[in-house]
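Step one of this worksheet: look at the structure below.
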Amino acid sequence: MIELEVPLADRSYPVLVGAGARHRLLEVLPVGARRAAVITQSAIGWEVDPGVEHRRFTIGDGEDAKHLGTVEDLCRDLAQWGLTRGDVIVAVGGGVVTDVGGFVAAVYHRGVPVVHVPTTLLGQVDAAIGGKTGVNLPEGKNLVGAFWQPSAVLCDTETLGTLPPREYRSGLGEMAKYAFLGVDDLPDLPLDEAVAACVRLKADVVASDEREGGRRAILNYGHTLAHALETEGAYGLRHGEAVAIGLVYAAEVACRLGRIDGDRVAEHRRVVAGYDLPMHVPGDLDAERVVDLFSRDKKAVAGVTFVLDGRRGVEPVPVDDRALLLDALEACRG
Ligand code: GLY
């Protein structure tokens, strides 16, 4: 088992990575917790044993469950069961479950402890780490949420063995991002070590900028185009697949701005291809519309802010050259 820490002073917490990590739940439960509300989805086939009185609460399957109605339903169920601030929520599932479960933990009784047990690759390398929680609005993804750090995260890599291939590949899209944020030789690492390396890097970034005042934005590398493609919705891409295309696009933008050279763009394509991820925008993409969507991204304080590679590494960069953004999109057509 690889044991890591997200160092946030009195809110620091352990992250355990390895096969069977879910069985360590009892030892990471907050001291004194008498009851555990296990929030999960019916499609998640993984049980956990908190070792204290517990009850299972299931939310709807898929991203559609990630809305305020689910939060209200859960809070009412928890109130009827009598969960208190001295108890704990355990979120078992992918990003939807840990985002919703984490948000419920942030707001129910103004905050109860939560332990995340992410069962997808995407959850283990990204969603469950770092305290971002929230739900979608019809107007956009993750528009309502809170920063609420978990008490512990158990990344049980055994759960990854049964993921549908496309779900697994989607996680690889988030993983590919870390190859450009400073994790060396990522594609060559065994799975446990690769997950741990991503967690280690994310923990370091979160520790330095918990609330995304600056550096944390680098974790959104590849996400500006990805969010636009997902908002367009019609392309049927999973999040990590959209991120993979977004990484290559961000490299094309950075190259046009003189921040990186063609070799570095080729490296982006190589890493993405090595994970068998898509790198081309959909053939019927409405480029003008996609560029319009860039300015709606949450990172954008004014105009369009991209996260781009460069000599100082990956960093947020304002970009106001629409023609350049359109040209880079053309370079990403298959
Ligand atoms: N998923 C990006 C972040 O946690 O900041």
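Given labels modelled 7 Å from the Cα in the Cβ direction, how far is it in nm from VAL31 to ASP185?
Reported label-point gap for VAL31 and ASP185 is 4.1 nm.
In the range 1-79, which GluC sites (Glu not before Pro) fall in coil by DSSP and have 14 or fewer other Cβ atoms within 10 Å?
Those that pass, being in a loop and sparsely packed, are GLU47.
Check VAL144: other-chain or 5+ apart residues with amide H under 5 Å from its amide H, H built from backbone geometry?
Amide H neighbours of VAL144, under 5 Å, 5+ apart: VAL135, LEU137.
Between beta-carbons, use under 10 Å as the cut-off and find the net charge around VAL17, counting Lys and Arg +1, Asp and Glu -1.
Counting the neighbours of VAL17, the net charge comes to -3.
Taking every DSSP beta bridge with both residues inside the chain, roughly what % is antiparallel (nearest 5)?
So the antiparallel bridges amount to about 40 percent of the total.
Determine the gain in length on full extension of the stretch GLU330-ARG85; use 0.36 nm per residue of separation and subtract their C-alpha separation, reporting nm with one decimal.
82.9 nm
Per-residue HN-Hα couplings for the range 114-119, Karplus 6.51 cos²θ - 1.76 cosθ + 1.60 at θ = phi - 60°, whole Hz, x for Gly and Pro?
9, 10, 9, 10, x, 10
Let me make sure I get this right: for the range 231-277, a, b and c are the square roots of the gyration tensor eigenvalues over alpha carbons, sorted descending. Under 1.5 in a/c it's rounded, otherwise prolate if a/b > b/c, else oblate. Which is it?
Oblate, since a/c reaches 1.5 and b/c is not below a/b.
Using per-residue counts of other Cβ atoms within 10 Å, averaged over each peptide, order 245-258, 100-113 from highest down.
245-258, 100-113
List the residues whose amide H sits under 5 Å from the amide H of LEU308, counting only those 5 or more places along or on another chain, with H placed 1.01 Å from N in the peptide plane.
For LEU308, the qualifying residues are GLU315, VAL317.
Tabulate in residue order the Karplus-calculated ³J(HN,Hα) for the range 152-164, using 6.51 cos²θ - 1.76 cosθ + 1.60 with θ = phi - 60°, rounded to whole Hz; enter x for Gly and Pro.
Karplus values, whole Hz, x for Gly and Pro: 6, 10, 10, 9, 8, 6, 4, 5, 6, x, 10, 5, x.
Listed highest first by mean packing, meaning other Cβ atoms within 10 Å per residue, what order do 215-222, 260-267, 81-88 come in?
In descending order of packing, they fall as 215-222, 81-88, 260-267.
Classify the range 25-108 as rounded, prolate or oblate, taking a ≥ b ≥ c as the square roots of the eigenvalues of its Cα gyration tensor: rounded when a/c is under 1.5, otherwise prolate if a/b is larger than b/c and oblate if not.
Here the range 25-108 falls in the oblate category.
Specify whether the C-alpha gyration tensor of the range 1-148 places it in the rounded, prolate or oblate class, a ≥ b ≥ c being the square roots of the eigenvalues: rounded for a/c under 1.5, otherwise prolate if a/b is larger than b/c and oblate if not.
Note, shape of the range 1-148 comes out rounded.
Show me 287-295, 32-40 ranked by packing, highest mean number of other Cβ atoms within 10 Å first.
Final packing ranking: 32-40, 287-295.
Since every read-out is calculated from the coordinates, none of them should be taken as a lab result. What you see is a predicted model; the values in this text were computed from it and never measured. Glycine also receives a Cβ, built like all others from the backbone with ideal geometry; neighbour counts cover every protein chain displayed.
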